[in-house]
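Right, one structure below, let's go through it.
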Amino acid sequence: MYIKAFITILFFCVLILFIGCSTEKVSDIRITDMRCEYRANPLGIDERQPRLSWIPVSDLRGQTQTAYEIIVASDENKINQNNGDLWSTGKVNSNQTINVVYMGKELDSGQRSFWKVRIWDQDDTVSDWSDMAWWEMALLNPEDWT
């Protein structure tokens, strides 16, 4: 009887240890308040290299951002597949969360761009990707106005 209980407890301990070791650790930090040129999902951006911002939030004290990665895509399907066909920063070691200048492919008049960001914390643990956000360019050239 004691052996059966011991084996059962041992089995659950090994199972918990295995589950804890096999899952990838994700940071507690999450990204909120994503902005392009200080606005959420803005229309009519006339800045050819818009500035992107976000706020990292955590329920744990002392969490800080040490790096970020931004991806920007030309359509919703690509951003949902984490495919930054317009711009992908790769991991950038920086605590900057305000006014990160878009440095990707040139944007066309009226073009909508979709973006996400993820960040690393002080333990070099990556967060989940943020929710998708977007911005739409204004009509930038006189000939676009008809």
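The values are calculated or read from the model by the stated rules, or taken from the named source; none is laboratory data. Note that this is a predicted model, so its numbers are computed, not measured. Please note: Cβ atoms are built from the backbone with ideal geometry, for glycine as well, and neighbour counts cover all protein chains shown. The accessibility values were calculated without ligands, DNA or RNA, using every heavy atom of the protein model including side chains. Shrake-Rupley method; radii C 1.70, N 1.55, O 1.52, S 1.80 Å.
Restricting segment 98-113 to residues that are open to solvent by less than 20 Å² (accessible area, probe 1.4 Å) and in a strand (DSSP E or B), which is nearest to P56 (Cα to Cα)?
Taking the candidates together, the pick is V100.
Comparison of N83, N95, N77 shows that the only residue that is among the polar types (S, T, N, Q), part of a helix (DSSP H, G or I) and either touching a His at 6+ places or on another chain (Cβ under 8 Å) or open to solvent by 60 Å² or more (accessible area, probe 1.4 Å) (or both) is N77.
Against the numbered list (1) assigned to a strand (DSSP E or B); (2) surrounded by fewer than 18 Cβ atoms within 10 Å (Cβ to Cβ); (3) not aliphatic (A, V, I, L, M), P56 comes up short only at (2). Residue check: is K78 of a type outside the set (V, I, T) and under 27 Å from D46 (Cβ atoms)? Judged against the criteria, K78 is a match.
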